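Only one structure is covered here, and it is reproduced in the block below.
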Amino acid sequence: MAFALYIHWPFCLAKCPYCDFNSHVREGIDVAQWQAALLADMAHEAALTGGHELSSIFFGGGTPSLMPPALVATLIEAAGRHWRFAPDIEITLEANPSSVEAANFAALAGVGINRVSLGLQALDDAALSFLGRLHDAAEGLAALEVAQRHFRRVSFDLIYARPDHTPALWEAELTRALALGTGHLSLYQLTIEPGTRFATLVREGKFTPLDDDAAGDLFALTRELTTAAGLPAYEISNHARAHEESRHNLVYWRYQDYAGIGPGAHGRRGGFATVRHRKPENFLKAVAAQHHGIAEIRELGTREQAAEALLMGLRLAEGIAPAALAERFGLAEAELIDPAKRAFYRSQGLLTEQADRLIVTDAGMPLLDGLLAELVPAGLVTA
């Protein structure tokens, strides 16, 4: 079974108004202090999981492309000492598409990064301004070109279903994006997350989010265009050519184990969930006091794990294997998925069964949250 390492770099140059990730703006960062803390945090996880082969490393944030390449190199080298690397290990770094960060791409490739995920978010200057991005469209496309020269695999993000986003506008933007030649696209509907600047603006009536029906039309259009271009959805918001899927994110969605280090990082290992301190200063204090940044460690019950595996796995185009999951968690299939609801939603065309797998159809994916609430028995979720 695959095992992955997630490393969180919490710092950004600015906080985007839609973002609810654990990101912080700081005037000064003591890189040596952060290197020591992340190495100590990694060593703690390795002491508990060092027998695993590492299938992927993911530098997320925040903006990890702001990390000095020498720090990235040190962390990769340390991971190589703690775990065996799979022969085809995937090492991804999230990056902002600015010219300053793109100037580091050659160095980052040289220290072992072999996949980059660029936060383009839009290909239109007005949209980028609305989203609070610091780059413009030309700078973003230039950074993408640099990334494609230096990294074997490149992905980028776009946010759609913005206010007044029409099918014609999105079709033109997505068609242009698909022509840029990457093997992976992450395409997210704009959601208004609590506690963000956008949530405040919506509450104040400064803008109105796109309604659900219009967003649903854009979701269907997204699937149509990406499938025709050879990058079908393999997860509800992620699209890739064959063999270009994010191996790291598949570890999450297939409910496999991973170590998470750095501020706010989550991890799952051996039936336990870990959460690090979110605030950078609190994380540093915790590492100084206890040699790791864990704020909470919690044992996951068997039924809770089964529910999470279902909720994650049904996001995937490959779906889940109910019999295999039932065997893995020592439960009956009927305890995992309500049989009557399973039959009903199959009859409605929202689910399909292929060989041993249960799959949410294209018609069912826009309704995924409601569908999951129906399929997964309440007793399993609350156990």
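Structure values in brief
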quantity	calculated
All helices (runs of 4 or more DSSP H) inside segment 261-360 with 2 or more residues being more than 21 Å from the chain's Cα centre (by Cα) and surrounded by fewer than 17 Cβ atoms within 10 Å (Cβ to Cβ)	280-290, 322-329, 333-336, 339-347
Residue pairs meeting the criteria (Cβ under 9 Å; at least 6 apart or on separate chains; first at positive phi, in segment 326-344; second open to solvent by 30 Å² or more (accessible area, probe 1.4 Å) and part of a helix (DSSP H, G or I))	GLY330/THR302
Unique residue being open to solvent by less than 20 Å² (accessible area, probe 1.4 Å), charged (D, E, K, R), within 17 Å of PHE11 (Cβ to Cβ) and within 23 Å of the chain's Cα centre (by Cα) when the list is GLU90, GLU101	GLU101
Qualifying residue in segment 59-72 (condition: of a type in the set (S, T, N, Q) and at pLDDT 95 or above)	no
Qualifying positions in segment 251-260 - open to solvent by less than 20 Å² (accessible area, probe 1.4 Å) and either over 19 Å from LEU300 (Cα atoms) or part of a strand (DSSP E or B) (or both)	ALA259, GLY260
The lone exception for ASP41 - which of (1) more than 21 Å from the chain's Cα centre (by Cα); (2) open to solvent by less than 60 Å² (accessible area, probe 1.4 Å); (3) closer than 13 Å to GLY112 by Cβ it fails	(3)
Members of segment 3-33 that are buried (at least 19 other Cβ atoms within 10 Å of the Cβ), under 13 Å from MET67 (Cβ atoms) and among the aliphatic types (A, V, I, L, M)	ILE7
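The values are calculated or read from the model by the stated rules, or taken from the named source; none is laboratory data. What you see is a predicted model, and the numbers here were worked out from it, not measured in a lab. As a convention, Cβ positions derive from the backbone with ideal geometry for all residues, glycine included, and neighbour counts pool all protein chains shown. Side chains are part of the model used for accessible areas, which takes the heavy atoms of the whole protein and leaves out ligands, DNA and RNA. Shrake-Rupley method; radii C 1.70, N 1.55, O 1.52, S 1.80 Å.
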